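Contents: one structure, followed by commentary.
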Amino acid sequence: MSEYGGDGGALDEDLRVPACERCPALVESRSRIVDGVGPTDADLLFVGEGPGATEDEEGEPFVGRSGDVLDEALRDAGLARADVRITNCVRCRPPDNRDPTTEELVNCRGHLESEIDRLDPELIVTLGKVPSEHLLDRSVAITGESGDVVDARLAGASRRVLLSVHPAATLYDRSQRDGFFETIGRAAELSGVGDRGEGGGDGQSRLGEF
Ligand code: URA
């Protein structure tokens, strides 16, 4: 049994989380479990906090306003959404958009560890303070540390982790937008995924369009 309260491998072949009732508040607030999306052998894994209202409705991570920003940044970095895997620390929508509790994060950790183990990605990008602190197991001043690359022991191996602000931060504070886009560009370069990673791309930034 893993230290994260489970079998750690409680995912089927498609990395789908089976019916889970570990977190009573989340069982109450969710419409569905929102699994990660993208190739199960992706070299680049994005980890968010947890589904919001739109994700809960549609059953896919980052499909609301934050997802729009993430999609723009991916395109700007020469990446398609289909090139990467996108997942969350918790798979069920917390009530009233609150942060997941420590207990909820721990309850869901086995699913994330299994996903990391299965993908064995070149790079993990943490989107926001909650996933950064959860995966690094320390407090993180995300605005200052965004863009930093650190090593963390995850799913039984040392993994390269790139810290990022959450895409929603760019909606509250427009001054964070360029930095967020740069960090996603860095993710493409470091992971070797997409045009930039392969040394291609037209070198044109689309930042000025928005
Ligand atoms: N915010 C997250 O952290 N995850 C999502 O899936 C959507 C918004």
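The values are calculated or read from the model by the stated rules, or taken from the named source; none is laboratory data. Computed from a predicted model, the values in this text were never measured in an experiment. Cβ atoms come from the backbone with ideal geometry, glycine included; neighbour counts cover every protein chain shown. These accessible areas exclude ligands, DNA and RNA; they are computed on the full protein's heavy atoms, side chains included. Shrake-Rupley method; radii C 1.70, N 1.55, O 1.52, S 1.80 Å.
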Query raised in the report: Is at least one residue of the stretch 135-145 outside any loop (DSSP other than H, G, I, E, B), under 18 Å from Pro100 (Cβ atoms) and in contact (Cβ under 8 Å) with a residue 40 or more places away in the chain?
Result: yes
Report task. Have a look at Ser158, Ser164 and point out the one that is within 19 Å of Ser191 (Cα to Cα) and within 15 Å of the ligand (Cβ to nearest atom). Result -> Ser164
Query raised in the report: Within the stretch 98-116, can one find any residue that is on the phi > 0 side of the Ramachandran plot, open to solvent by 20 Å² or more (accessible area, probe 1.4 Å), out of contact with any Cys (no Cβ under 9 Å at 6 or more places or on another chain) and not in a strand (DSSP E or B)?
Result: no
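Kindly provide the set of residues from the stretch 31-62 that are among the β-branched types (Val, Ile, Thr) and either more than 9 Å from the ligand (Cβ to nearest atom) or open to solvent by 40 Å² or more (accessible area, probe 1.4 Å) (or both), ordered by number.
Residues of the stretch 31-62 among the β-branched types (Val, Ile, Thr): 33-34, 37, 40, 47, 54.
Across the stretch 31-62, the qualifying residues are Ile33, Val37, Thr40, Thr54.
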Report task. Check whether at least one residue in the stretch 63-71 is touching a Leu at 6+ places or on another chain (Cβ under 8 Å) and closer than 16 Å to Cys20 by Cα, and report yes or no. Result -> no
Requested in this report: Can you tell me which residue within the stretch 79-97, out of those that are crowded, with 22+ Cβ neighbours inside 10 Å and not charged (D, E, K, R), is farthest from His134 (Cα to Cα)?
Outcome: Leu79
Requested in this report: Run Asp76 past the list (1) surrounded by fewer than 19 Cβ atoms within 10 Å (Cβ to Cβ); (2) more than 9 Å from the ligand (Cβ to nearest atom); (3) not β-branched (Val, Ile, Thr) and report the number of the one that doesn't hold.
Outcome: (1)
Requested in this report: Examine the stretch 32-39 for a residue that is at pLDDT below 95, of a type in the set (Asp, Glu) and within 18 Å of Ala155 (Cβ to Cβ), and state whether such a residue exists.
Outcome: no
